[in-house]
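Participant: Quick one: the structure is below, questions incoming.
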Amino acid sequence: MGEVLLVKPVTYVNRSGVAVRLLTEWEALDIEEDLLVVVDDTALEPGRPRFRARGSAGGHNGLASIEAALGTRDYPRLRIGVGGPPAGVDSADWVLSEFDDPAAEDAVLASLPRLAEGVELWARQGIEAAMNRYNAAPPAAE
C-alpha cells in the first residue's frame with residue numbers, strides 16, 4: 001500500500017464536489033482506483049457499511065455535488081448508516097445534529113474499528129474486496 005491521504009472538505013456537504021475536483025487536479029488521481037468517498041446514509045441502519053464501486057447520489061447532496069464536479073458516477077464510495085430522521089424532521093437537520101438515540105450512537109461508534117478495517121482493505125485490495133467482505137450482514141455481537 002502506498003501513501004494514503006485523508007481529506008475532510010471544509011465546504012458545506014452540498015459543495016463537496018469543489019473539494020474533490022481540486023484534490024483530483026492536484027493529485028492526478030485515478031478516481032476509480034485511488035479515491036474513496038465516505039458519507040453518512042440515512043437509509044442504512046446505524047453503523048451499517050455499504051461499499052460501492054459506482055452508483056447514483058441516491059438523494060445525498062454531497063454525492064450529487066461530487067458527481068457533477070467529476071462528470072461521472074464511477075467512483076468508489078463508502079456509505080455509513082446513521083439511521084433516518086423521525087417523522088417531521090428534515091434530513092439535513094437530522095444529519096447535522098447530535099444523535100438523540102444512545103443506541104444509534106453506540107452502534108455507529110462500535111462500527112468504527114470495522115469500518116477502518118474496511119477502508120484499509122479497500123486501500124490494499126480495491127473496492128471489490130471491500131464490498132465482498134463488508135457489505136454482508138454485520139458480525140454477530142460477541
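The values are calculated or read from the model by the stated rules, or taken from the named source; none is laboratory data. Just so you know, these numbers come straight off a predicted model, no measurement behind them. Here the Cβ positions follow ideal geometry from the backbone for every residue, glycine too, while neighbour counts run over all protein chains shown.
Participant: Would you mention how many residues in the stretch 18-53 are on the phi > 0 side of the Ramachandran plot and surrounded by 15 or more Cβ atoms within 10 Å (Cβ to Cβ)?
Facilitator: Number of matching residues: 1.
Participant: Can you name the residue in the stretch 111-131 that is assigned to a helix (DSSP H, G or I) and among the small types (Gly, Ala, Ser) and is also nearest to Glu32 (Cα to Cα) among such residues?
Facilitator: That would be Ala123.
Here's the yes/no breakdown for (1) within 13 Å of Pro46 (Cβ to Cβ); (2) in contact with a helix residue (DSSP H, G or I) (Cβ under 8 Å, 6 or more places away or on another chain):
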| site | (1), (2) |
| --- | --- |
| Leu70 | no, yes |
| Asp74 | no, no |
| Arg77 | no, yes |
| Gly84 | yes, yes |
| Phe99 | yes, yes |
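Participant: With respect to Ser56, is the statement that it is surrounded by fewer than 13 Cβ atoms within 10 Å (Cβ to Cβ), under 24 Å from Gly83 (Cβ atoms) and touching a residue at least 12 places away in the same chain (Cβ under 8 Å) true?
Facilitator: Yes; evaluated as a whole, the condition is true for this residue.
Participant: I'm trying to understand the selection: among the residues of the stretch 1-45, which are part of a loop (DSSP other than H, G, I, E, B), within 25 Å of Trp94 (Cβ to Cβ) and small (Gly, Ala, Ser)?
Facilitator: Once the filter is applied, which keeps residues that are part of a loop (DSSP other than H, G, I, E, B), within 25 Å of Trp94 (Cβ to Cβ) and small (Gly, Ala, Ser), the stretch 1-45 yields only Ala43.
Participant: Among the residues of the stretch 53-110 satisfying the criterion of being of a type in the set (Asp, Glu) and assigned to a helix (DSSP H, G or I), which is modelled with the lowest pLDDT?
Facilitator: Here the answer is Asp93.
Participant: Out of the stretch 1-17, which residues are surrounded by fewer than 16 Cβ atoms within 10 Å (Cβ to Cβ) and either under 20 Å from Ala116 (Cβ atoms) or among the hydrophobic types (A, V, I, L, M, F, W, C) (or both)?
Facilitator: Across the stretch 1-17, the qualifying residues are Met1, Gly2, Glu3, Val4, Leu5, Leu6, Val7, Lys8, Val10.
Participant: Identify, please: which residue in the stretch 79-98 is of a type in the set (D, E, K, R) and free of Cβ contacts under 8 Å to residues at least 12 places away in the same chain and is, among those, surrounded by the fewest Cβ atoms within 10 Å (Cβ to Cβ)?
Facilitator: Glu98
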